[in-house]
Amino acid sequence: MTEEISKPINNDNDWYEDESEEEQEEYPIDQYDLTASPNDFNVSTIFNFIESGAVKIPGFQRHYVWDIKRASKLIESLIIGLPVPQIFLYEEDKNRFLVIDGQQRLMSIYYFIKQRFPRKDKRPELRRIFEEHGKIPDDVLHNDKYFSNFNLSLPENLPIQPNRFTGMNYSTLGEYKTSFDLRTIRNVIVKQILPKEDDSAIYEIFNRLNSGGINLGPQEIRMSLYHSEFLEMLSRVNINNKWRRIIGITEPDIHMKDVEIMLRGFAMLIDGDKYKPSMMKFLNGFARDTKKNAADKVSYFETLFNSFIESCSNLSREVFVISSNRFSITLFESIFTSVCKNPYLNNQIVAGSIDSASVANLKNDPDFASFIKGKTTNTKNVKGRLSKALEIIRVV
């Protein structure tokens, strides 16, 4: 049957059952050993770090938003030796750093030395190009469709006394070029020492140190830290209209909660028997492991998920709603895992349609009801509801 999505566009967190409070209880930050080391890198070194790909702008960071006047003021400050705010970097591996705070400053330096300034309407596209290549390819850099010349645009002190640097670019700095290249900026490098087996403290580091005022969701951070073909596949499937009908919102969630729901379903399907709290750490570890998936495996998972979506086509959207007209993550992961378990174990896809009566039986089962209430992310409740769904749900 076909059905229009009944809920309006909604990017708040009231379209799904929220478990964030119990997740916060399960995330003790005091078990981590972190270091924060100050380093004074000169401008030339910083540029080389960016150019080589050693310093990376995470995908969840906003686009470059400064205008040429603000960028010019930063460059002027560096030329004349005024202090500029420090930059925070996270060391994810040897000679590999993620920018926590300072993207606008770093990219202003990069663009000034390249002598090109990005056009405002092309910045989202340039961001994708930068992520793909690790830098801006020369053919794009010199394409006037994407860039204009970066000549400093600075306010005049008086109408008859123009700023001496106005109109200069990197190649015309003359005697100031060396002092600009050698000007140092304080970089604070944050590194996780313990525990060595995971990097889950990165969530606290980003959320506490990012000064851009952006409240980051866990999945936004995962998409950058554990970038993989599998996570790209989830993003691709996330815009499937049939999937959007299932979760009940027309547009992707701004904090990628819908992508996290799919990730969680696969994590329970593949590693549910190994689950132990917290849910956040479990999903972090699973997301990190997806980087090992070969392309053919990712293709299979996409086909498997699409076959699951098709198996839901005879169900109303409300089938995944338990109370308050909100999408139930716990109910979805239980049904998804039970429906896909045997096909996954046999490297097949879902054949048939989910029996709506069996879903009703699951929702009315007193044991299942107890597993999706209270502490829903403890091991007993997670494994209990997955087992109960496997017992009750039928595909016909």
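Give me the dipole magnitude in Debye, nearest 20, for the chain about the Cα centre, with unit charges on the beta carbon: positive for Lys and Arg, negative for Asp and Glu. Present the calculation step by step, with values, prior to reporting the outcome.
On the way: 51 positive and 55 negative charges, 151 e Å.
Rounded to the nearest 20 debye, it is 720 debye.
Summing charges over all other residues whose Cβ lies under 9 Å from the Cβ of Phe368, with Lys and Arg as +1 and Asp and Glu as -1, gives +1.
The string of couplings for segment 92-100 from the Karplus curve (6.51, -1.76, 1.60, θ = phi - 60°) is 8, 6, 4, 6, 9, 10, 9, 7, 8 Hz, one whole number per residue in order, with x for Gly and Pro.
Backbone amide hydrogens, once placed in the peptide plane, bring Phe117 within less than 5 Å of Ser148, Asn149, Phe150, excluding anything fewer than 5 places away on its chain. Can you tell which of Val140, Asn163, Ala295 lies farthest toward the positive end of the dipole of the chain, using +1 and -1 charges on the Cβ of basic and acidic side chains (Lys, Arg; Asp, Glu)? About the Cα centre, the residue reaching furthest to the positive side is Asn163.
Straight-line reach from Lys375: taking Cα to Cα under 24 Å and skipping same-chain neighbours fewer than 8 places apart, the lysines in range are Lys257, Lys274, Lys276, Lys281, Lys363, Lys383, Lys388. Residue-wise HN-Hα couplings along segment 144-149, as the Karplus relation 6.51 cos²θ - 1.76 cosθ + 1.60 with θ = phi - 60° gives them from phi, are 5, 5, 9, 9, 10, 5 Hz; Gly and Pro carry x.
Please compute the net charge surrounding Ile80, taking Lys and Arg as +1 and Asp and Glu as -1 over other residues with Cβ under 12 Å from its Cβ. Net of charged neighbours comes to +2.
Note on the chain: dipole from Cβ charges, positive end direction compared against Ala267, Ile249, Leu173; the farthest Cα belongs to Leu173. For segment 63-107, backbone nitrogen atoms closer than 13 Å to the point 7 Å from Lys120 Cα along Cα-to-C-beta are found at 65-70.
Working from Cα positions, state the angle (0 to 90°, nearest 10) between the long axis of helix 123-133 and the longest principal axis of the chain. With both axes taken from Cα atoms, the answer is about 80 degrees.
Its relative contact order, with pairs defined as Cα atoms under 8 Å and 6+ residues apart, puts segment 33-194 at 42 percent.
Between the amide H of Lys375 and any residue lying 5 or more places away or on another chain, no distance stays under 5 Å, with hydrogens modeled in the peptide plane.
Residue-wise HN-Hα couplings along segment 64-75, as the Karplus relation 6.51 cos²θ - 1.76 cosθ + 1.60 with θ = phi - 60° gives them from phi, are 5, 10, 5, 8, 5, 5, 5, 5, 5, 5, 5, 4 Hz; Gly and Pro carry x.
To the nearest 20 debye, what is the magnitude of the charge dipole of segment 33-194 about its Cα centre, counting +1 on the Cβ of each Lys and Arg and -1 on the Cβ of each Asp and Glu? Please list the in-between numbers first.
Details: 23 positive and 19 negative charges, 70 e Å.
Roughly 340 debye, rounded to the nearest 20.
Determine the shape class of segment 33-194: with a ≥ b ≥ c the square roots of the Cα gyration tensor eigenvalues, call it rounded for a/c under 1.5, and otherwise prolate if a/b is greater than b/c, oblate otherwise. Because a/c hits 1.5 or more and a/b fails to exceed b/c, segment 33-194 counts as oblate. Compared with the dominant Cα axis of the chain, that is its longest principal axis, helix 279-289 is turned about 70°.
Paramagnetic label reach from Glu229 (point 7 Å along Cα→Cβ; backbone nitrogen cut-off under 20 Å): within segment 122-149, residues 131-134.
Helix 257-271 versus the longest principal axis of the chain: what is the Cα-based angle in degrees, 0 to 90, to the nearest 10? The answer is roughly 60 degrees. Where a Cα-Cα gap under 27 Å defines reach, which lysines qualify for Lys114, not counting those fewer than 8 residues away within the same chain? By straight Cα distance, Lys114 reaches Lys56, Lys69, Lys73, Lys94, Lys122, Lys135, Lys145, Lys177.
Values quoted throughout were computed directly from the atomic coordinates according to the rules given, and no laboratory measurement underlies them. Predicted model, so just to flag it, every value in this text is computed and none were measured. Neighbour counts run over all protein chains shown; Cβ positions are idealised from the backbone, glycine included.
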